[in-house]
Amino acid sequence: MKKIKDIVIYQDKMFYSCFPSIVQRKDGELICAFRRAPDRRELWGGGISHTDANSYLVLVRSKDNAETWTADPELIFAHPLGGSQDPCMVQLKDGSIVCTSYGWALVPKEDQQNLPGTLHHGPYFFLGGYVLRSDDGAKTWKGPFVPMPVPGNESTDALGKPEAAFNRGAMCQGKDGKLYWAVAAKNWGSTKVTTVQLYTSTDRAETWTHVCPIAKDEKITFNETSLIQTAKGDFVAFMRTDGLEGNLAYTRSTDGGRSFGQWRDGGFFGHPFHAIHLKDGRILLVYGYRQPPFGIRAKILNAECTDIESAQEYVLREDGGNTDIGYPWAVQLPDGRILVTYYFNIQDGVRHIAATLLELQ
């Protein structure tokens, strides 16, 4: 794999832009979605935060294989009760685009004590997950569709209601046409350890069914999971962890998603992860590297993902300013080149959406 160049997709010093995902339409148009919020450090001397009441989902487009991008982002969705995070897009076989996200509400101090079972970061309390769908190339969006809570999860949202399922990561459409989605389950009433559970949908993300656990452990937290189905039909889950020294954890289903085997330590640092099928049958795995030297890395796996631990690691970038980078998402262009998108900063500067263009050798 050879690096061609790095690209800036979107940057504006007034905005904190991060957590991209990308799809390519049949006509070649690239659509890159990301979360954008005011850069309060730049505007008013405030701090850097991933929670903001004015955090919205937006997108930009390219019609020339990522050489140029629309300058003014289009709004995907603005949550009526708070800020939204991590627009994770997947393009279905019929051309429709599904986008998952989740939100945070700014709760007054006097009301915060009434939400003991709700995940929060300072004054921002979790709103749970939701799903959007576009049937016209991301011009308009249907939803939000609110998925059912994970069975047994006692967590509540910022309104005191059962927490809707959520995830940051890529779902996949199986060979059977169903959508397969790895969601996180948190029981903040008793423990902060999270599990990952499998949901499926037969109606293009409008309703969901809980199927089975993907991974759970008494000490290890699993979240931010991406799924892929191999050529033979196995489902492989690539999971971010806490309590495993930041290493990848992965697990596999060999029965069509009805159950998953014991999770395994991938043996290498990185998070979170995104996997795509390459035209030659192999699988590309990309991930952030949030320790010195900060940057973006990748592995090329065989078609069945049986060499996750031993595959060669490629360094795409190592010039990041600090840990506030990463969350890559990849797509292979019609000419075979690969575009890996992510958010980045140089010397703790403006957080922006960038990409690296690669070619296979």
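The values are calculated or read from the model by the stated rules, or taken from the named source; none is laboratory data. Everything quoted here is computed from the prediction, not taken from an experiment. Virtual Cβ from ideal backbone geometry, glycine too; neighbours counted across all protein chains shown.
Some values worked out for this structure:
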| read-out | value |
| --- | --- |
| Residues of region 291-339 satisfying the condition of being acidic (Asp, Glu) and out of contact with any Gly (no Cβ under 7 Å at 6 or more places or on another chain) | Glu304, Asp307, Glu313, Asp324, Asp335 |
| Filter result for the condition that a residue is closer than 25 Å to Ser253 by Cβ, crowded, with 21+ Cβ neighbours inside 10 Å and of a type in the set (Val, Ile, Thr), over Val340, Val331 | Val331 |
| Conditions (1) within 17 Å of the chain's Cα centre (by Cα); (2) touching a residue at least 40 places away in the same chain (Cβ under 8 Å); number of the one not met by Tyr56 | (2) |
| Count - residues of region 18-47 that are buried (at least 18 other Cβ atoms within 10 Å of the Cβ) and either closer than 17 Å to Ile346 by Cα or at pLDDT below 95 (or both) | 3 |
| Unmet criterion (only one of (1) in contact (Cβ under 8 Å) with a residue 60 or more places away in the chain; (2) out of contact with any Leu (no Cβ under 8 Å at 6 or more places or on another chain); (3) not small (Gly, Ala, Ser)) for Arg290 | (1) |
| Residue within region 74-81 that is surrounded by 14 or more Cβ atoms within 10 Å (Cβ to Cβ), of a type in the set (Phe, Trp, Tyr) and closer than 19 Å to Lys139 by Cβ present | yes |
| Wholly within region 208-281, strands (runs of 3 or more DSSP E) carrying at least 1 residues that are in contact with a strand residue (DSSP E or B) (Cβ under 8 Å, 6 or more places away or on another chain), surrounded by fewer than 21 Cβ atoms within 10 Å (Cβ to Cβ) and aliphatic (A, V, I, L, M) | 209-215, 273-277 |
| Region 120-174, subset part of a strand (DSSP E or B) and β-branched (Val, Ile, Thr), residue farthest from Asp86 (Cα to Cα) | Thr156 |
| Any chance Phe15 is surrounded by 21 or more Cβ atoms within 10 Å (Cβ to Cβ) and over 19 Å from the mean Cα position of the chain (by Cα) | yes |
| Count of residues meeting criterion [touching a Ser or Thr at 6+ places or on another chain (Cβ under 6 Å) and part of a strand (DSSP E or B)] in region 87-119 | 7 |
| Residue within region 286-300 that is aliphatic (A, V, I, L, M) and over 30 Å from Gln347 (Cα atoms) present | no |
